[in-house]
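In what follows, a structure is listed as structure tokens, so that the remarks can point back to it.
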Amino acid sequence: MKLYEHPFSSAAFKVRAVVHELGLPVTFVTVDMMKGEHKSPEFLSRNPNGKVPTLDDEGFCLWESNAILCYLAAKKPESGLLPADARGMAQVQQWLQWQATTFGPSANEVMGETVYAKFFGRAKDEAKYAAGMEKVRRDLGVLEKALDGKEFLCGKLSLADFSLVSALYLRTPMGVDLEAFPHVKAWVARMESRESVRKSLPPM
Ligand SMILES: N[C@@H](CCC(=O)N[C@@H](CS)C(=O)NCC(=O)O)C(=O)O
């Protein structure tokens, strides 16, 4: 299997972490996004969106990081990262979809005015930043309640934890303070102490 990715992509980060967690034989291929490799005809034949991460398993191509996580976990059902029982599976899916539709976009708004603005030499739009931060805080409140009395979002370690925590690895440059969210803070520390996650963090 080959994973087309980029070291600074949060969507690729979660996939790398699950690859390491499961110990799967995956070759990481860095896509040179500065050179526009992700928009080349060759890359677009694997992912018409021209985005990373993209998985190629002997010609079976898959995109959308959360779908890739499910595919990888299904290869090792004994890991329990994607439970097979109806409620367990649905709960993990609930969080994966919430990451894609809610928390991920909120975090992206804040990243756009901090990390990306700096990277592209653009001025920070304070109004957009404040609006994004309000959404991030709203979402952190949801996570805080969900983690009350629990080590992991679905009780035991699952794909949900890898997917959600990926939106927070740039929390310092994003200006996200977790002090008001002690359960989230402890959960992030728990996740970031795992070897699979540590090995997947970009060189910073
Ligand atoms: N929803 C997608 C998001 C993928 C995504 O936006 N990837 C970014 C890097 S984090 C990318 O490739 N951007 C290039 C572009 O949009 O042209 C996923 O979870 O895989």
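Structural remarks
- Residue-by-residue Karplus 3J(HN,Hα) for segment 101-115, coefficients 6.51, -1.76, 1.60, Hz, glycine and proline x: 9, 10, 5, x, x, 4, 5, 5, 4, 6, 4, x, 9, 10, 4
- Lys-Lys pairs in segment 1-98 that are eight or more residues apart or on separate chains and whose Cα atoms lie under 25 Å of each other come to 14.
- Tally of Lys pairs whose C-alpha atoms are under 26 Å apart, taken over segment 86-194, 8 or more apart or cross-chain: 12
- Listed by Cβ neighbour count within 10 Å, with the fewest neighbours leading, 194, 16 appear as 194, 16.
- By the beta-carbon count within 10 Å of each Cβ, the least crowded to most crowded order of 9, 158, fewest first, is 9, 158.
- Relative contact order of the chain, defined on C-alpha pairs under 8 angstrom at six or more residues apart (%): 25 percent
- For 178, 82, order by how many other beta-carbon atoms lie within 10 Å, fewest first: 178, 82
- Sorted largest first, extent of segment 2-79 alpha carbons per principal axis (Å): 39, 24, 18
- Proportion of all alpha-carbon pairs of segment 34-148 beyond 26 Å (%): 40 percent
- Hydrodynamic radius (Kirkwood) for segment 86-194, which is based on Cα pairs only, to one decimal in Å: 14.4 Å
- Segment 138-161-segment 1-34 distance, computed between alpha-carbon centres (Å): 24 Å
- The chain: most fluctuating residue of 121, 88, 80 per GNM, C-alpha cutoff 10 Å: 121
Bear in mind these aren't lab numbers, they're just calculated from the coordinates by the rules spelled out. Remember, it's a predicted structure, so these values are computed and weren't measured experimentally. Backbone-built Cβ (ideal geometry, glycine too); neighbour counts: all protein chains shown.
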